[in-house]
Amino acid sequence: VPPPITLVILGASGDLTHRLLLPGLGTLLRAKPAYDVHLVGAAAADMTADEWRDRVRGGLEEGGCRRQRADDMAAASTFVHLDVTDPKEMQTFLDAQAAQGRPIVLYFALPPAVTQKSIGVLSGLNLPPDIRLALEKPFGSSLATAKELNALLAGFIPEDRLFRVDHYLGKATVLNLLGLRFGNRIFEPVWNAANIERVEIIADEALALEGRAGYYDHAGALKDMIQSHLMLVMAIFAMEQPARIDAVELRDLIVHTLRSTRLWAGEGERSSHRARYTAGSIDGRQVPDYVAEPGVDPERMTETLAQVTLEIHNARWAGVPFRLRSGKALGDGFRGIVVQFRPVAHLPVGFHNEAAPNVLVIGFTPETLALRVTTNAEGDRWDLETSTLSTQLGESPVRPYGEILDEILTGNMLLGVRGDMAEESWRILDPLLQEWADGVVPMDSYSAGSYGPQAWNDAPGA
Ligand code: BG6
């Protein structure tokens, strides 16, 4: 049974708490009812204690937590008005929490700028000895700022009590990469440049801005999705085999892979593309030009779609482009990994046509696996045709944020982003940020609801 713990959510009135944290916690509590979690909500003056408790009840129930449990947790939870950037208020708050005698997790569910300020404040306070922090991305905005942030954090909290959240590490599909690769005889021997021609990791979203301009217009697709989520997925896809699945080994191997990674400099394609959506319709809903969305400043030149091609420069992968792409307001909203194998080394004379190369598709939502294989055709036996072996995997009962909270509440670091992981991914992207700032890479456009700029899809290898 996990020991009793206090989970303090800073940013109790925010979107993340409402949409992801509380429902995620609800799924966790349904799967592991033994958790004894005391919830504390803290927010600036825009919420009341009653509103907070309603939110807790509603959020937990949405995640499937039993009604009685949700009611009890909501009733027992406390709420405080707190300015997280005020040292005095923060010290008084932390002292009061520490006096309860339970270990404390401080979860920053706040806008990046507020989190940053608050961390600066925390660094000068007397913290309860067993406090743990949970932080949301971004972990910096360049290699230099990522290093600064890590140095600031290292000055007052040990790395093993600092949980950097990337909810993609809580996704069953992402963790299933480990089972797929290392639990089968047939994949690992061909998981290399000799057999794989290219890999695409795609997170296209049909959703547009959804009122998040305040955050998104400062981030953009590259920082919002690629620097964080998709580069981690790539590293898990490509890393060497761990001796055991634990927080040191797994994260060492992720960093090891990222260290070999650099922007694509090979033949055939540019290392990056960027674009912004213009007006269009998504599922019958009219979406305006991105630059006309409330809160967007066109001068910021924020991209709503980015594509970055990377090379993992090691013996296993050198020469294989890894294309990472993510954006908003996109047609089919495909999310997953497409593994394109090389053609067979040799086809016997006598077949009427070429064998189409194998393709493995690992879909994120819904979780699917599909392998394209070549067989003799039914009609003419020396014609070759393709068919697809596919399966849909069962949905995990615990949502990604539930898995992440499970780790945070038990003090396990396996699914947390280590400081050096964040730094490595910024190191890889730094030259690209410079190119974008210098205007070397054009800002293309695509209409909302389309599949992105046509020209990208016609690029060699598409
Ligand atoms: C978040 C991004 O980290 O991930 C959002 O900030 C994005 O912009 C979301 O929509 C996507 O997560 P998921 O789990 O729906 O793929």
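The values are calculated or read from the model by the stated rules, or taken from the named source; none is laboratory data. Keep in mind that this is a model prediction, so the values were computed, not measured. We place every Cβ from the backbone using ideal geometry, glycine too, and count neighbours over all the protein chains shown. Heavy atoms of the whole protein, side chains included, go into the accessibility calculation; ligands, DNA and RNA do not. Shrake-Rupley method; radii C 1.70, N 1.55, O 1.52, S 1.80 Å.
Descriptive notes on the structure:
- Scan of the range 1-26 for residues that are of a type in the set (A, V, I, L, M) and either assigned to a loop (DSSP other than H, G, I, E, B) or closer than 25 Å to GLU89 by Cβ (or both), ordered by number: VAL1, ILE5, LEU7, VAL8, ILE9, LEU10, ALA12, LEU16, LEU21, LEU22
- Cβ separations smaller than 6 Å between residues 6+ apart or across chains give the following pairs from the range 336-355 residues that are in contact (Cβ under 8 Å) with a residue 40 or more places away in the chain to residues that are among the charged types (D, E, K, R): VAL338/GLU200; GLN340/GLU197; GLN340/ARG198; ARG342/GLU197.
- Look at (1) touching a residue at least 40 places away in the same chain (Cβ under 8 Å); (2) surrounded by 14 or more Cβ atoms within 10 Å (Cβ to Cβ); (3) touching a helix residue (DSSP H, G or I) at 6+ places or on another chain (Cβ under 6 Å); (4) not in a helix (DSSP H, G or I) and you find that ALA42 fails only one, number (3).
- Top-ranked residue in the range 159-213 [being assigned to a loop (DSSP other than H, G, I, E, B) and among the aliphatic types (A, V, I, L, M); ranked as modelled with the lowest pLDDT]: LEU209
- Consider the range 153-176 and keep the residues that are open to solvent by less than 20 Å² (accessible area, probe 1.4 Å) and farther than 28 Å from SER396 by Cα. The one that is farthest from the ligand (Cβ to nearest atom) is ILE157.
- Within the range 45-56, the only residue that satisfies the criterion of being touching a Leu at 6+ places or on another chain (Cβ under 9 Å) and open to solvent by 10 Å² or more (accessible area, probe 1.4 Å) is ARG55.
- Residue within the range 70-85 that is closer than 20 Å to ARG161 by Cα, at pLDDT 95 or above and surrounded by 18 or more Cβ atoms within 10 Å (Cβ to Cβ) present: yes
- Sole exception among (1) hydroxyl-bearing (Ser, Thr, Tyr); (2) touching a residue at least 12 places away in the same chain (Cβ under 8 Å); (3) over 27 Å from GLY58 (Cβ atoms) for THR92, by number: (2)
- Selection count, the range 318-353, where residues are open to solvent by less than 20 Å² (accessible area, probe 1.4 Å), part of a loop (DSSP other than H, G, I, E, B), within 16 Å of the ligand (Cβ to nearest atom) and of a type in the set (A, V, I, L, M, F, W, C): 2
- Pairs linking a residue in the range 385-402 that is more than 20 Å from LEU369 (Cβ to Cβ) and assigned to a strand (DSSP E or B) to a residue that is within 16 Å of the ligand (Cβ to nearest atom) and open to solvent by 70 Å² or more (accessible area, probe 1.4 Å), with Cβ atoms under 7 Å and 6 or more positions apart or on different chains, do not occur.
- In the range 156-178, the residues that are closer than 20 Å to GLU188 by Cα reach residues that are within 11 Å of the ligand (Cβ to nearest atom) with C-beta atoms within less than 7 angstrom, at least six apart or across chains, in these pairs: THR173/PHE364; VAL174/TYR168; VAL174/VAL233.
- SER228 passes every criterion in (1) in a helix (DSSP H, G or I); (2) closer than 21 Å to ALA455 by Cβ; (3) among the small types (Gly, Ala, Ser) apart from (2).
- Among the numbered conditions (1) touching a residue at least 40 places away in the same chain (Cβ under 8 Å); (2) open to solvent by less than 40 Å² (accessible area, probe 1.4 Å), the only one that ILE131 does not meet is (1).
- Residue within the range 182-202 that is within 13 Å of the ligand (Cβ to nearest atom) and open to solvent by 10 Å² or more (accessible area, probe 1.4 Å) present: yes
- Members of the range 407-427 that are hydrophobic (A, V, I, L, M, F, W, C) and surrounded by 19 or more Cβ atoms within 10 Å (Cβ to Cβ): ILE408, LEU409, MET413, LEU415, VAL417, MET421, ALA422, TRP426
- For the range 268-292, a residue qualifies if it is more than 23 Å from GLU200 (Cβ to Cβ) and open to solvent by 30 Å² or more (accessible area, probe 1.4 Å), and the qualifying residues are THR278, ALA279, SER281, ASP283, GLY284, ARG285, GLN286, PRO288, ASP289, VAL291, ALA292.
- Positions within the range 255-273 being within 30 Å of GLY452 (Cα to Cα) and of a type outside the set (S, T, N, Q), in sequence order: LEU258, ARG262, LEU263, TRP264, ALA265, GLY266, GLU267, GLY268, GLU269, ARG270, HIS273
- Subset of the range 90-113 that is closer than 23 Å to HIS167 by Cβ and at pLDDT below 95 - its residue that is surrounded by the most Cβ atoms within 10 Å (Cβ to Cβ): PRO112
- Count - residues of the range 223-238 that are within 12 Å of the ligand (Cβ to nearest atom) and either open to solvent by 10 Å² or more (accessible area, probe 1.4 Å) or farther than 21 Å from PRO294 by Cα (or both): 9
- Among the candidates GLU367, GLU403, residue that is open to solvent by 40 Å² or more (accessible area, probe 1.4 Å) and within 16 Å of the ligand (Cβ to nearest atom): GLU403
- When GLY179, GLY220 are checked against the criterion of being over 11 Å from the mean Cα position of the chain (by Cα) and within 16 Å of the ligand (Cβ to nearest atom), GLY220 stands alone in meeting it.
Okay, residues lined up against (1) touching a residue at least 40 places away in the same chain (Cβ under 8 Å); (2) among the basic types (Lys, Arg); (3) within 22 Å of ALA329 (Cβ to Cβ):
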| site | (1), (2), (3) |
| --- | --- |
| ILE186 | no, no, no |
| ALA193 | yes, no, no |
| ILE196 | yes, no, no |
| VAL199 | yes, no, no |
| LEU207 | yes, no, yes |
| TYR215 | yes, no, yes |
| MET231 | yes, no, no |
| ALA238 | yes, no, no |
| ARG251 | yes, yes, no |
